[in-house]
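Working notes for the structure below.
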Amino acid sequence: MDLNERQQNLVERLRASGYLTVEALAQQFEVTTQTIRRDVARLSEAGLVKRYHGGVAWVSSVQNIAYAQRQVLNIEEKQRIAQAVAAEIPNGRSLLINIGTTTEEVARALLAHQQLSVVTNNLNVAGILSANPECEVIVAGGVVRHRDRGITGEATIDFIRQFKVDIGIIGVSAIDLDGTLRDFDYREVRVAQTIMQQSRQVWLVADSSKIGRDALVRLGHLSDIHALFTDAPLPPQLATVVRETGTALHVGAG
């Protein structure tokens, strides 16, 4: 692809940073936000970057966007998803909740629930739900990742296998149009797969930016999922997969 100098530099900056806002890029290159949006549109069509609301990320199948950036990325969409999940969870249920910024929003949406037992390998989820006196929080052992306070490893898997819960709530980095679920870290994937095995129902929370994204490691398939919670209607091909698998679809209202 024939890129001008600014577009080449834009790709390199995204490769180094992972994610930048349109406004930040406009300031860095001393051009208008409209110019940056045109550049981003061209790069996105070529598959070099991925557009988000107000920002753009470098496309990589081996490395996720940094946690601090994911915390604010599509935050309103994640909150709508979380509210939809919380509305479906009765009081007095047992849950397994894994690593992810969307699952952290689910934890916030559960702060008014009563008589919950929550097992998690996410220290952020544990910290959020510890503010709910009606929630018993059980934290898995294992190795804590500095970047997002997630817990992974063989000890984590062994710990989770002690439990059988009503609902497992998992996030994912990517959903292929054929329904394949993918993530970046095989250690995290192994823990998520264990959560799925130890849950009577498995609920997937994923905003629409995850659909069609590339990620390295296969986690599973939508046929393994009882309910998908997202923020927008699915592309036709993926919607067909959801119907064929019988996965319940919940779209968080705007």
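Odds and ends about this structure:
- Tensor-based shape of the chain (alpha-carbon gyration tensor, a/c under 1.5 rounded, otherwise prolate or oblate): prolate
- Carbon plus sulfur fraction of accessible area for region 182-254, probe 1.4 Å, in percent: 48 percent
- Taking the DSSP bridge list for region 135-237 and keeping only pairs wholly inside it, about 45 percent are antiparallel.
- Charging the Cβ of each Asp and Glu at -1 and of each Lys and Arg at +1, and nothing else, the dipole of region 109-158 about its Cα centre rounds to 220 debye.
- Per residue, the convex hull spanned by the alpha carbons of region 125-195 comes to 116 Å³.
- Shape category assigned to region 66-211 from the gyration tensor of Cα positions, a/c cut at 1.5: rounded
- Cα gyration tensor shape of region 69-143, rounded if a/c is under 1.5, else prolate or oblate by comparing a/b with b/c: oblate
- Each residue, Ala131 and Thr33, gets one label point 7 Å from its Cα in the Cβ direction; the gap between the two is 3.0 nm.
- Looking at the chain, the accessible area is 46 square angstrom per residue; that uses a 1.4 Å probe and ignores ligands, DNA and RNA.
- Qualifying lysines (Cα of each under 25 Å from Cα of Lys50; at least 8 residues distant if same chain): Lys78, Lys210
- Computed magnitude of the charge dipole of the chain (debye, nearest 20; Cβ of K, R +1, Cβ of D, E -1): 140 debye
- Each Lys and Arg adds +1 at its Cβ and each Asp and Glu adds -1 at its Cβ; summed about the Cα centre, region 113-254 shows a dipole of about 180 debye.
The values are calculated or read from the model by the stated rules, or taken from the named source; none is laboratory data. Because the structure is predicted, anything quoted here is derived from the model rather than measured. Glycine gets a Cβ as well: all are built from the backbone with ideal geometry, and neighbour counts include every protein chain shown. Just so you know, the surface numbers come from the protein's heavy atoms only, side chains and all, with ligands and any DNA or RNA stripped out. Shrake-Rupley method; radii C 1.70, N 1.55, O 1.52, S 1.80 Å.
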